[in-house]
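Step one of this worksheet: look at the structure below.
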Amino acid sequence: MRVVVIGASGRTGRLVVGKLLEEKHAVVGTIRNSRHMADLVKAGAEAVLIDLDKTGFDEIVFAMKDADAVVFAAGSAAGETSELDRKGTLRTVRAAEKAGATRYLSISSIGASTGLSTRTMSDEMKDYYKQKRAAAKHITGSTLDWTILEPGELIDEAGTGTVTLSEEAIEETFVTRADVAAVVVALLPEKKAIGHAYQLTRGKTPIKTAVKKVLK
Ligand SMILES: NC(=O)c1ccc[n+]([C@@H]2O[C@H](COP(=O)([O-])OP(=O)(O)OC[C@H]3O[C@@H](n4cnc5c(N)ncnc54)[C@H](OP(=O)(O)O)[C@@H]3O)[C@@H](O)[C@H]2O)c1
């Protein structure tokens, strides 16, 4: 597959790029700061400069030309507004539709699709969930072959190779970014994952088995 990874310099995005390359996919990584370009190219990906707040729509469409799939791994940093999570999703969904990149996998957050209450959360987290839920509406209302992955808190430890993956709500806990990247790459080619949102945390099931189980 030729896959465009949005947010390829992010902590999860760069692991998704690495895993895709490992599995012999062709990768276009989008970055908003040119200082990440050399690393991405050295890893074996193509790099395109896209700032989702500023880059013109046609340029985003052009970056997705001939792509089979788009992975949305971008996200607002601490201290930045979560508006990017919705607006960036909308712009990349529309661009993917126009470019004919039909497969779209987005990383959201645990409980976004299973009705997790935000009542006791901080205002920042309330807004984050509001934006992620609005983003999901753009995705599920699109013509794309979408999948949404909703991980728990992300940590930077080494991947464990085992997870909990479920369409139902699960206990909120953390998961490594490396395991998230592995699940993204495992779900991407799966037709049966189209039209589904999955919860993901650390767990005891090997990733291959966990993916097989949710696709049944
Ligand atoms: N953090 C958590 O615990 C957690 C939990 C569940 C889900 N998630 C979700 O998982 C995904 C990955 O999270 P992460 O913590 O690994 O991400 P991250 O390291 O914060 O990286 C986010 C990426 O988004 C890019 N980005 C931000 N604003 C942008 C813009 N306007 N235009 C283009 N790119 C932009 C950043 O670019 P720069 O490198 O230039 O800054 C960076 O590459 C996000 O969607 C996040 O919401 C996170």
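Every number here is computed from the coordinates shown, using simple stated rules; none is lab data. Keep in mind the model is a prediction, meaning the values are calculated, not measured. All Cβ positions, glycine included, derive from the backbone under ideal geometry; neighbour counts span all protein chains shown.
With a point put 7 Å past each Cα toward its Cβ, work out how far residue 39 is from residue 168 in nm, to one decimal.
4.0 nm
Among 160, 25, 74, pick out the residue whose Cα is farthest towards the positive end of the charge dipole of the range 2-215, where Lys and Arg carry +1 and Asp and Glu carry -1 on C-beta, about the Cα centre.
Towards the positive end, the residue furthest out is 25.
Starting from the Cα of residue 114, move 7 Å in the Cα-to-Cβ direction to define the label point; list residues of the range 150-181 whose amide nitrogen is under 17 Å from there.
So the set is 150-154, 163-176, 180.
Dividing the Cα convex hull volume of the chain by residue count, how many Å³ per residue is that? Show your work: numbers first, answer last.
Details: hull volume 24.0 nm³, N = 216.
About 111 Å³ per residue, rounded to a whole number.
Restricting to lysine pairs 8 or more places apart or on different chains, what number in the range 1-156 have Cα atoms under 13 Å apart?
Working: 54/87; 65/98; 87/130; 87/132; 87/137.
Within the range 1-156, the lysine pair count is 5.
Could you sort the peptides 161-169, 16-24, 177-185, 32-40 by per-residue average Cβ neighbour count (10 Å cutoff), highest mean leading? Before the final figure, lay out the partial values.
Details: 161-169: 16.4, 16-24: 19.4, 177-185: 24.8, 32-40: 14.2.
Put in order of decreasing packing, that is 177-185, 16-24, 161-169, 32-40.
Among DSSP beta bridges lying fully in the range 2-215, give the percent that are antiparallel, nearest 5. Each step should come with its number before you reach the end.
Numbers: 6 of 35 bridges.
Antiparallel: roughly 15 percent of the beta bridges in the range 2-215.
Using r as the Cβ-Cβ distance of residue 122 and residue 155, and R0 as 22 Å, what FRET efficiency do you calculate, to the nearest 0.05? Display every interim value, and only then the final one.
On the way: r = 19 Å, r/R0 = 0.89.
With R0 = 22 Å, the Cβ-Cβ based efficiency is 0.70.
How are the alpha carbon pair distances in the range 161-212 distributed across 5 Å bins from zero to the largest one, expressed in percent?
Result returned by the calculation: 5, 21, 35, 26, 11, 1.
Return the tail of the calculated pair distribution for the range 91-216, meaning the percent of Cα-Cα pairs more than 21 Å apart. Don't jump to the answer; show the numbers that get you there.
Numbers: 3055 of 7875 pairs.
In whole percent, the share of Cα-Cα pairs in the range 91-216 beyond 21 Å is 39.
Whole-Å semi-axes of the range 1-109's equivalent ellipsoid, largest first, each the root of 5 times a Cα gyration tensor eigenvalue? Could the numbers behind the result be given before it?
On the way: eigenvalues 69, 55, 33 Å².
Here the semi-axes work out to 19, 17, 13 Å.
Please get the size of the charge dipole for the chain, origin at its Cα centre, with Cβ charges of +1 on Lys and Arg and -1 on Asp and Glu, quoted in debye to the nearest 20.
Values: 31 positive and 28 negative charges, 92 e Å.
Once rounded to the nearest 20, the dipole reads 440 debye.
Under a straight-distance cross-link criterion of Cα-Cα below 17 Å, which lysines are reachable from residue 213, leaving out those fewer than 8 residues away in the same chain?
191, 192, 204
For the range 124-166, run through the GluC sites (Glu not before Pro) and keep only the ones in DSSP coil with at most 13 other Cβ atoms within 10 Å of their Cβ.
Numbers: sites: 124, 153, 157; in loops: 153, 157.
Taking the range 124-166 and a limit of 13 other Cβ atoms within 10 Å, the loop GluC sites (Glu not before Pro) found are 153, 157.
Determine the sum of side-chain charges near residue 95: Lys and Arg each +1, Asp and Glu each -1, restricted to other residues whose C-beta is under 13 angstrom from that of residue 95.
With Lys, Arg at +1 and Asp, Glu at -1, the neighbours total +2.
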